[in-house]
Structure formats: C-alpha cells, structure tokens
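The numbers here are math on the coordinates, done by the rules we state, and not lab data. For clarity, every value in this text was computed on a predicted model and none was experimentally measured. Cβ placement follows ideal geometry from the backbone for every residue including glycine, while neighbour counts extend to all protein chains displayed.
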Amino acid sequence: MEYSFDEDQRAFREHIRRWTEERLTPRAQELDETSEFARDLFKELSDLGYLGVKYPEEYGGAGIAERNIYHTILCDELARGSMGFAATVAMHSSAASHMLFAEGTEEQKQKYLVPALKGDMVCAFAITEPQAGSDAAALRTRAERVDDGWVINGSKIFTSNGINADFITVVAKVEGGKGAKSMALFLVDTKTPGFSVGRQIEKFTTHCSDTAELFFEDMRLPLDCRLGGEDSDFKSAFRMLTVDRIITAAIALGNGWAAYEAALKYAHEREQFGQAIFDFQAVQFKLVDMLATYEQAHLYTYHTAAMADRGEDVTKEAAIAKIVAGDGCNEICQKALNIFGGYGLTMEYPVQRYLRDSYFPLIGGGTSDIMRLIAARKLGI
Ligand SMILES: Cc1cc2nc3c(=O)[nH]c(=O)nc-3n(C[C@H](O)[C@H](O)[C@H](O)COP(=O)(O)OP(=O)(O)OC[C@H]3O[C@@H](n4cnc5c(N)ncnc54)[C@H](O)[C@@H]3O)c2cc1C
C-alpha cells in the first residue's frame with residue numbers, strides 16, 4: 001500500500017528512482033568507505049533541477065505548489081541508494097537554504113540561494129553546541145550588536161555539511177529578549193575572517209554526510225546578516241525546523257525500504273535445510289512485520305507532507321512522522337540484518353550500512369524522545 005501520488009508525482013518519483021539506481025546506488029559503498037562528499041553527483045542532481053524542488057522558479061527552483069510532497073519524494077528516493085548522500089542533499093535543500101529563502105534579503109538570495117540551487121554552493125544549518133543539544137535554548141554562541149553590524153563568538157558541533165559549506169545559517173543568542181526573542185539567525189559566509197572549521201567528526205553512520213565542529217572568534221558580520229531583520233525572533237525558524245522533520249522521516253523511509261528489499265531478495269536466494277530461508281515461517285513473519293512498519297511510516301510521512309503543503313500546522317504530525325519512520329526503519333534494518341545471518345555482520349553486503357545509517361534519523365533533527373515531548377505538548381486538553 002502506498003500514498004496516492006498523482007500522475008506528475010509518480011513521474012517525478014520514477015525519474016529520481018532511475019537516477020538513484022543508475023548513478024547513486026552503484027557508488028554508495030565507495031562513498032561509505034571513503035566518506036567522500038560526492039560533489040559530482042550533487043552537481044548532477046542540481047543540473048536536473050532537483051536541488052530546487054522546494055523553491056520558486058525565480059531563484060532557479062521548480063516552482064511546484066506541493067513542494068513538501070516533492071521534496072519528501074526526492075529525499076526518500078535518494079536514501080534508497082545512500083542515506084549519507086540523501087542527508088547531504090536534505091540538509092542543503094531544507095533548513096539552511098529554506099531559512100535564507102524565507103528570511104534573507106533579495107540581494108542575499110541572489111548571492112547565495114541561486115548558486116546553492118544550482119549546486120555551485122553548499123550550505124549548512126548550525127544550532128547544536130557541545131552543551132546545547134536537545135536544550136537548544138541553552139546555546140552560548142553570542143552575537144553582539146556593534147555600530148556597523150554584529151560580532152559573533154562561540155562554537156557549534158554536529159553541523160552536517162559543515163566541512164564543505166560555502167555559507168551557513170547560524171543560530172546565536174542576542175541581547176535583550178527572552179525565549180525565541182533571545183535567539184537569532186545569521187547568514188555566515190564561510191570565507192568571513194574569524195570563522196573556522198574544527199575537526200570533521202568521525203561517526204559510524206552516514207559516512208558521506210560530513211559532520212563538523214565550527215568556531216567563531218570575533219567574527220564580524222554586516223548588519224543585514226541577521227536574517228529576518230533587527231526585530232526578528234526565532235519563531236519562524238522553529239516552524240521551518242518543524243517541517244524539516246518530515247524530510248528526516250523521508251530519509252529513514254528510503255533506507256528502510258532498501259533494507260527490506262535486500263532482505264526479501266536474500267531470503268529467496270539463501271538456502272538452509274534444503275530450502276530457501278524465505279520458506280521458513282519465522283522469516284516470512286519478520287518480512288511481513290518489516291513491510292507493515294514500512295507502509296505505516298510511508299503513509300504517515302506522506303500524509304504529513306501533504307498537510308504541510310496545505311499550510312496546516314504539522315507540529316504533532318511531523319514529530320510523529322519522525323518517530324514512526326525513524327524508529328520503525330531502525331527496527332526494519334535490525335530485522336534485515338538478522339535475516340542475513342552471519343553475512344549481515346560482514347562488509348560484503350550493504351545491510352550493515354543500512355543499519356548503521358538508520359541511527360542518524362533517530363538523533364539528527366532532534367531525538368525520538370524529544371519528538372515525543374513535542375507531540376505530547378499538543379495533546380493537552
Ligand atoms: C549525524 C548528526 C548530524 C547532525 N546534524 C546537525 C546539523 O546539521 N545541525 C545542527 O544544528 N545539529 C545537528 N545535529 C545535532 C542533533 O540535532 C543533536 O545531536 C540532537 O538534537 C541531540 O542533542 P545531543 O546530541 O546534545 O543529545 P542530548 O540533548 O544530550 O540528549 C541525550 C539523551 O537525553 C535525552 N533527553 C535530553 N533532554 C530530554 C528531555 N527533556 N526529556 C527526555 N529525554 C531527554 C535525549 O533524548 C537523548 O536520549 C546532528 C547530529 C548528528 C548525530
């Protein structure tokens with residue numbers, strides 16, 4: 001069972017699926033081994049117009065009304081080939097560029113958003129700090145207003161695309177306001193003096209999506225680098241981060257499907273006790289449970305993307321989508337590994353990568369328990 005895509009959405013899905021099968025899947029293992037950012041594939045995608053699927057034509061985007069459905073299809077399909085690559089594209093084409101699109105000046109959009117959608121620039125979004133993860137409001141990076149602009153001091157951790165980024169939307173504390181009013185978004189060109197990238201964080205998951213530490217030391221920015229202007233608060237950025245949870249669910253989905261498909265194929269090929277292991281009811285039950293989990297997550301995620309396209313509040317639904325797709329696809333990958341027996345633990349089959357990568361959506365964009373907290377707040381009577 002699947003979401004009822006219309007004809008154009010199906011055609012788009014077929015196209016990106018074919019591209020993924022022909023161009024990305026054959027490179028997935030190599031990208032995982034080398035932890036390489038596949039800039040050539042990134043550029044190919046942008047030449048096909050995919051990086052701009054969420055944006056208006058005037059900035060080089062596709063100008064599609066159902067932008068969240070299309071963006072979800074894109075990230076879901078890419079993750080079938082490589083979740084690491086899909087995560088790079090997802091971060092680039094959602095939070096980082098979306099905040100610039102929503103809050104940037106026309107000049108900033110021409111200078112940064114247009115090249116980003118062309119694949120000539122890479123972008124990142126940085127809120128997390130060493131002591132401020134789930135508790136984002138505890139961040140310590142400070143932006144001080146000076147005569148001609150802003151001076152930023154502080155650091156960030158776990159910034160996806162941080163190593164390769166040309167510009168980053170950075171969240172910092174500002175003097176004055178409380179809560180969302182005390183946080184502001186800044187557009188940081190990574191060539192700005194005072195900006196530096198620390199180490200690339202090694203991790204067991206999504207190898208080809210780089211994760212960086214960033215430092216800001218007396219980094220001076222012009223006045224208009226505060227996105228949304230002097231009186232902006234962080235509320236609209238929070239709304240964008242809400243919608244982005246659908247995209248994290250999407251990459252979980254694609255990876256979960258890849259694991260299910262690989263396990264189904266293997267179950268038919270592998271023989272024990274004179275028969276395909278698929279013929280053992282215990283294996284069939286696992287596969288049915290995997291499919292049931294997948295289909296629920298798929299329907300819920302696309303349903304939430306459609307709600308977002310209708311302009312509805314998806315705070316609860318996007319958090320739940322991230323839980324059902326993130327936790328669900330992690331379970332699918334665990335069962336897939338089990339079906340592969342000892343071979344699942346070797347590097348010969350990609351199922352170990354699917355399982356390793358399936359941990360990323362459980363944490364990135366907020367942990368599953370934080371998603372439960374967000375959804376719970378909406379259950380009040
Ligand atoms: C691969 C990767 C990529 C990432 N990319 C980015 C990025 O591009 N930009 C960015 O800004 N950040 C990014 N992050 C950071 C990510 O959003 C944080 O790691 C995440 O929000 C959790 O924060 P933390 O790691 O500090 O964990 P903590 O907040 O320390 O949480 C540790 C544990 O405590 C639990 N916990 C914390 N608070 C509560 C609570 N109130 N109630 C119940 N349980 C709680 C958590 O659920 C978790 O189980 C990335 C992280 C990873 C691993």
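Is the C-alpha gyration tensor of the stretch 103-155 telling us rounded, prolate or oblate? Criteria: a/c under 1.5 is rounded; beyond that, a/b larger than b/c is prolate, otherwise oblate. Verdict is oblate for the stretch 103-155. Each other residue within a Cβ distance under 12 Å of GLU66 adds +1 if Lys or Arg and -1 if Asp or Glu, for a net charge of 0.
State whether the stretch 7-122 is rounded, prolate or oblate according to the following rule on the C-alpha gyration tensor (a ≥ b ≥ c being the square roots of its eigenvalues): a/c under 1.5 gives rounded; otherwise a/b larger than b/c gives prolate, and the remaining case gives oblate. Taking the square roots of the gyration eigenvalues as a ≥ b ≥ c, the stretch 7-122 is oblate. Residue ranges 99-109, 85-95 sort as 85-95, 99-109 when ordered by packing (mean number of other C-beta atoms within 10 Å per residue, highest first). For the chain, a Gaussian network of Cα nodes joined below 10 Å ranks ASP231, ASP32, ASP313 by mean-square fluctuation, and the top entry is ASP231.
Between LYS316, LYS111, LYS286, the Gaussian network model of the chain with springs among Cα atoms under 10 angstrom shows the greatest mean-square fluctuation at LYS111.
Which shape class applies to the stretch 235-377: rounded if a/c is under 1.5, otherwise prolate when a/b exceeds b/c and oblate if not, where a ≥ b ≥ c are the square roots of the Cα gyration tensor eigenvalues? It comes out prolate by the Cα gyration axes. Listing HIS15, HIS98, HIS71 from fewest to most neighbouring C-beta atoms within 10 Å gives HIS15, HIS98, HIS71. Note on the chain: helix-only mean residue ellipticity at 222 nm, from DSSP H runs of 4+ residues weighted -39500 (n - 2.57) and normalised by residue number, equals -15000 deg cm²/dmol.
Considering the chain as a Gaussian network with a 10 Å cut-off on Cα pairs, which listed residue, TYR260, TYR59, TYR50, attains the greatest mean-square fluctuation? Checking each option, the largest mean-square fluctuation is seen for TYR59. For the stretch 124-225, the dipole from Cβ point charges (+1 on Lys and Arg, -1 on Asp and Glu) about the Cα centre works out to 300 debye, to the nearest 20. Among ILE251, ILE277, the ranking by other beta carbons within 10 Å of each residue's beta carbon, starting with the fewest, stands as ILE277, ILE251. Tell me which GluC sites (Glu not before Pro) from the stretch 294-347 have a DSSP coil assignment and no more than 16 other beta carbons within 10 Å of their own. Hits after loop and neighbour filter: GLU312.
With q set to 0.10, 0.12 Å⁻¹, the log10 of I(q)/I(0) for the chain, from the Debye formula over equal scatterers at the Cα positions, is -0.62, -0.88.
In a simple Cβ point-charge model (Lys, Arg +1; Asp, Glu -1; nothing else charged), the chain has a dipole of about 800 debye relative to its Cα centre. The distance linking the stretch 21-55 with the stretch 307-381 is 22 Å (Cα centroid to Cα centroid, whole angstrom). Modelled label positions at ASP120 and ALA292, each set 7 Å beyond Cα in the direction of Cβ, lie 5.3 nm from each other.
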